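The values are calculated or read from the model by the stated rules, or taken from the named source; none is laboratory data. Quick caveat: nothing in here was measured; it's all calculated off a predicted structure. Note that we place each Cβ from the backbone using ideal geometry, even for glycine, and neighbour counts take in every protein chain shown.
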Amino acid sequence: MKKNIIFRVIFILSISLLLIGMVHAEPVHLKLATTTSTLDSGLLDVLLPPFEKLYNIKVDVIAVGTGAAIKLGVNGDVDIILTHDPDAEDKFVQDGYGVNRRDVMYNDFIVLGPSNDPAKIKGMKNVVSAFSNIAYQQAFFVSRGDASGTDVKEKIIWQIAGIKPEKWYMEAGQGMGATLQIANEKQAYVLCDRGTFLAYKDKIELDVLYERDPLLFSPYRIIAVNPALYSHVKYMEAMQLIAWVTSVEGQKIIGEYKIGGGTLFYPMAIK
């Protein structure tokens, strides 16, 4: 009897020490390449901390344009990507660089501009017509120019319109937040994701002049970098993050994240 009690005490102490060790253990670092919109909007500030606390994993965020994020994945410089360019993501997976792609959320793009709307795009029938008017009026337009998902979408619209932007057009080569600030300074038109606009709307004097065209739909997906190509990537931790952002709790955080009463992103994994 006495021996059993001793064994139980030793067992309980061992478990306690193990748990204490887990609590104080250095976190595993997971490299996430993602778009500037997920960072600038503030979403990652509410989505990642519960995950980091639950799994003792520190997510090191590299916020760049989607094109640059995918390139980091191709080079094996990150463990996981969260982007919004479906065609580029398809190629990333088909070429074998990414695995276990999952839908996470969506928002949409909007066209912002000065309140006097010099190109008169407000109320036009579609975004291609709006872009055509901007070009016809030679109204100033600021582009991200950084191969991001937003930049790719913008270039597609110009292409559909059959327009090659000229001297009235400026490529900032910056993330969404910085591009918005440049457009604001120049009182220019700009294509922006709704999430970043809601986060910045109190800092700029640009109005939403065109929205709700199906062409402006913007889905976000998360993809683990293929461990068969890069043995150093943290695949198991990447899969834990994928599971988290597509879980009921993760999707709830995404859907409930608002700024000024406006919803920034809509869950796709769980509706």
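The condition of being out of contact with any strand residue (DSSP E or B) (no Cβ under 6 Å at 6 or more places or on another chain), not assigned by TED's automatic domain parsing to the domain that holds Gly250 and not in a loop (DSSP other than H, G, I, E, B) holds for only one of Val142, Val128, that being Val128.
If I filter the range 208-217 for residues that are within 26 Å of Leu72 (Cα to Cα) and touching a His at 6+ places or on another chain (Cβ under 8 Å), do I get at least one hit? The answer is no; no qualifying residue exists.
Results for (1) in the same structural domain as Gly149 (by TED's automatic domain parsing); (2) over 22 Å from Gly262 (Cβ atoms); (3) basic (Lys, Arg); (4) at pLDDT 95 or above, shown as yes or no for each residue.
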| position | (1), (2), (3), (4) |
| --- | --- |
| Val28 | no, yes, no, yes |
| Ser37 | no, no, no, no |
| Leu47 | no, no, no, yes |
| Val61 | no, yes, no, yes |
| Val64 | no, yes, no, yes |
| Gly67 | no, yes, no, yes |
| Ile70 | no, yes, no, yes |
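Filtering the range 173-205 to residues that are assigned to a loop (DSSP other than H, G, I, E, B), among the polar types (S, T, N, Q) and more than 18 Å from Ala63 (Cβ to Cβ) leaves only Gln187.
The number of residues in the range 259-271 that are free of Cβ contacts under 8 Å to residues at least 12 places away in the same chain and not in a loop (DSSP other than H, G, I, E, B) comes to 1.
From the list Ala228, Ala224, the one residue that fits, being assigned by TED's automatic domain parsing to the domain that holds Phe92 and assigned to a strand (DSSP E or B), is Ala224. Only one entry in Met170, Met176 is in contact (Cβ under 8 Å) with a residue 12 or more places away in the chain and touching a Cys at 6+ places or on another chain (Cβ under 7 Å), namely Met176.
Hey, any hits in the range 236-258 for a residue that's free of Cβ contacts under 8 Å to residues at least 12 places away in the same chain, more than 18 Å from the chain's Cα centre (by Cα), in the same structural domain as Phe51 (by TED's automatic domain parsing) and over 19 Å from Leu39 (Cβ atoms)? Within the range 236-258, one or more residues are free of Cβ contacts under 8 Å to residues at least 12 places away in the same chain, more than 18 Å from the chain's Cα centre (by Cα), in the same structural domain as Phe51 (by TED's automatic domain parsing) and over 19 Å from Leu39 (Cβ atoms).
Of all the criteria given as (1) surrounded by 15 or more Cβ atoms within 10 Å (Cβ to Cβ); (2) assigned by TED's automatic domain parsing to the domain that holds Gln240; (3) farther than 19 Å from Thr179 by Cβ; (4) hydrophobic (A, V, I, L, M, F, W, C), the one not satisfied by Leu54 is (1). What's the total number of residues in the range 80-125 that are charged (D, E, K, R) and part of a strand (DSSP E or B)? Number of matching residues: 4.
Among the residues examined, Asp90 qualifies as within 21 Å of Pro219 (Cα to Cα) and at pLDDT 95 or above.
Residues that are at pLDDT 95 or above and of a type outside the set (A, V, I, L, M) within the range 259-270 comprise Phe265, Tyr266, Pro267, listed in sequence order. Residues in the range 154-174: is at least one touching a His at 6+ places or on another chain (Cβ under 9 Å) and buried (at least 17 other Cβ atoms within 10 Å of the Cβ)? Within the range 154-174 (the criterion being touching a His at 6+ places or on another chain (Cβ under 9 Å) and buried (at least 17 other Cβ atoms within 10 Å of the Cβ)), the answer is no, since none of the residues qualifies. Check the range 120-132 and report whether any residue there is free of Cβ contacts under 8 Å to residues at least 12 places away in the same chain, surrounded by fewer than 21 Cβ atoms within 10 Å (Cβ to Cβ), on the phi > 0 side of the Ramachandran plot and of a type outside the set (A, V, I, L, M, F, W, C). Yes, some residue in the range 120-132 is free of Cβ contacts under 8 Å to residues at least 12 places away in the same chain, surrounded by fewer than 21 Cβ atoms within 10 Å (Cβ to Cβ), on the phi > 0 side of the Ramachandran plot and of a type outside the set (A, V, I, L, M, F, W, C). Inspect all residues belonging to the range 190-205 and state whether any of them is over 16 Å from the mean Cα position of the chain (by Cα), buried (at least 21 other Cβ atoms within 10 Å of the Cβ), in contact (Cβ under 8 Å) with a residue 24 or more places away in the chain and under 18 Å from Ser143 (Cα atoms). Yes, the range 190-205 contains at least one residue that is over 16 Å from the mean Cα position of the chain (by Cα), buried (at least 21 other Cβ atoms within 10 Å of the Cβ), in contact (Cβ under 8 Å) with a residue 24 or more places away in the chain and under 18 Å from Ser143 (Cα atoms).
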